[in-house]
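Asker: Could you have a look at this structure, given as structure tokens, before my questions?
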Amino acid sequence: MKKEIRTRKDVFELVNVFYTKIRANQVLGPIFEKHIQNWPKHIERLTDFWETNLFFVRKFKGNPLLKHQIVDAASNYTLDEKHFGIWLNLWFETLDDLFHGEKVNIAKNRARTMGTFFHINLFNARPKTT
């Protein structure tokens, strides 16, 4: 039965189920597996991130763009709209499978905005070729 996102426990469930899907995905899974050594810690950190974004609490501290730039560089600058599209579709699917309500729409809109921001800034951070 679907419920509203109301607590950290709900956000943890969302993040945990989502990253289970990410890890199983043929395109994204290998990229994440290469860069994340401690999944429980990563899930907690991303729960902090999404709790901060959904409930405006100050739990997350860090620079996600920099982390994505490091991954892009390690992937020979091959992260593109396909990767972000898969990520976004899995995020939406997970939200729709588990939850309903206003926070679902907020989470979708924030993910769209972040995906666009990261994609543009990854491209802009790449070495310039002549």
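None of the figures in this text is laboratory data; all of them are computed from the coordinates on show. Note that this is a predicted model, so its numbers are computed, not measured. Cβ placement follows ideal geometry from the backbone for every residue including glycine, while neighbour counts extend to all protein chains displayed.
Asker: Taking the Kirkwood radius as the inverse of the mean 1/r across Cα pairs, report the Rg/Rh of the chain. Walk me through the numbers before you get to the answer.
Answerer: Numbers: Rg = 14.8 Å, Rh = 15.4 Å.
On the Cα set of the chain, Rg over Rh gives 0.96.
Asker: Between 0 and 90 degrees, rounded to the nearest ten: what's the tilt of helix 81-98 against the longest Cα principal axis of the chain?
Answerer: The angle comes out near 10 degrees.
Asker: Let me know the charge dipole size of the chain about its Cα centre in debye, to the nearest 20, where only the beta-carbon of Lys, Arg (+1) and Asp, Glu (-1) is charged.
Answerer: Numbers: 21 positive and 14 negative charges, 74 e Å.
Dipole magnitude for the chain comes out near 360 debye.
Asker: Test of the criteria: in the range 1-106, which GluC sites (Glu not before Pro) are in a DSSP loop and have at most 15 other Cβ atoms within 10 angstrom of their Cβ? Mind showing how you got there, number by number?
Answerer: Working: sites: Glu4, Glu13, Glu33, Glu44, Glu51, Glu81, Glu93, Glu102; in loops: Glu4.
Those satisfying the criteria are Glu4.
Asker: How far is helix 39-55 tilted, in degrees, relative to the longest principal axis of the Cα atoms in the chain, given as a value from 0 to 90 rounded to the nearest 10?
Answerer: Compared with the principal axis, the helix lies near 70 degrees.
Asker: Hey, another quick one. Can you pull out the chymotrypsin sites (Phe, Trp or Tyr not before Pro) in the range 6-69 that DSSP calls coil and that have at most 14 other Cβ atoms within 10 Å? Walk me through the intermediate numbers first.
Answerer: Details: sites: Phe12, Phe18, Tyr19, Phe32, Phe49, Trp50, Phe55, Phe56, Phe60; in loops: Phe56, Phe60.
Counting only loop positions with at most 14 other Cβ atoms within 10 Å, the chymotrypsin sites (Phe, Trp or Tyr not before Pro) in the range 6-69 are Phe56.
Asker: Suppose only helical runs count, i.e. DSSP H with n ≥ 4. What mean residue ellipticity at 222 nm does that imply for the chain under -39500 (n - 2.57) per run, divided by all residues and rounded to the nearest 500 deg cm²/dmol? Intermediate values should be presented prior to the final figure.
Answerer: Numbers: 6 runs with 95 residues, N = 130.
Result for the chain, helices only: -24000 deg cm²/dmol.
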